[in-house]
Amino acid sequence: FSMRATPLTGLFFFVFLAASVTAEEAPGRLIGTSCGAMPANPSVEIVLLDNADANVRIRNAFVDGLRRKGVAVQVGAALTLTLEIAPIREFEGAGGGSNVIELRVGQANRDLGQQGDVNLRGSVWSSSENSLVGGPRKGSSGLAVDRVRLTASLNNRVDGHCLWQGEAVHELNGRELEPVAMALVPSLVGAFGKTVAPRPITIEATPSIR
């Protein structure tokens, strides 16, 4: 995993290698990874990377779900759970593997927060599909799919050791981000603390922006 930031005029980019995933044909996918011993009665503090109003509402739904599972959520807890809600625009041919990168695009002025940022995901180079280096290819549709991604990472507050990581992603299909993200919360909460092999998920219909 590598990351670097490059300021541009009015924009910034975070570049990192994207993780390989399966169930690419499904509208949504869920994955969970246990990376440490989970306490019998975990107590967590939720850390939200961007406190935009919509993200706070999604965080609150996540907190409610954890509490229904018997997980204590409180400030100053021994474990921290970092939650990020991010829109993604994934270009044609952007499957998994080391040839895929993500670019986070947003305002250069970070005092404005991350609201409005978009993660662009696509191949670095391809002889047959559109790519960052190769550009558009003849016969390629140039289509992009808009998705929302919820990621959660549980770590020990003292030493930062990872205990669990989870991710839920789903296509927007013209819908607003918040209701789709809200519909993903139960799946991600259900995966809390577990290793879940990448599997397809489909959420119920949500209001359209059209």
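Computed from the coordinates by the stated procedures, all read-outs in this text should not be read as laboratory data. Predicted model, so just to flag it, every value in this text is computed and none were measured. Note that each Cβ is placed from the backbone with ideal geometry, even for glycine, and that neighbours are counted across all protein chains shown.
Highest-first packing order for the peptide set 69-77, 149-157 is 149-157, 69-77, based on the mean count of other beta carbon atoms within 10 Å. Determine the sum of side-chain charges near GLN165: Lys and Arg each +1, Asp and Glu each -1, restricted to other residues whose C-beta is under 12 angstrom from that of GLN165. So the surrounding residues net to -1.
Taking 0.36 nm per residue of sequence separation and removing the Cα-Cα distance, the ASP53/ARG157 pair yields an extension gain of 34.9 nm.
The phi-based Karplus calculation (6.51 cos²θ - 1.76 cosθ + 1.60; θ = phi - 60°) puts the 3J(HN,Hα) values of segment 180-190 at 5, 4, 4, 5, 7, 3, x, 5, 5, 4, x Hz, whole numbers, x for Gly and Pro.
Taking amide H as placed 1.01 Å from N in the peptide plane, ARG149 has its amide H under 5 Å from the amide H of ALA86, ILE88, each at least 5 places away in sequence or on another chain. Karplus-derived 3J(HN,Hα) values for segment 165-177, using 6.51 cos²θ - 1.76 cosθ + 1.60 with θ = phi - 60°, are 9, x, 8, 10, 10, 8, 5, 8, 6, x, 8, 6, 5 Hz; glycine and proline are entered as x.
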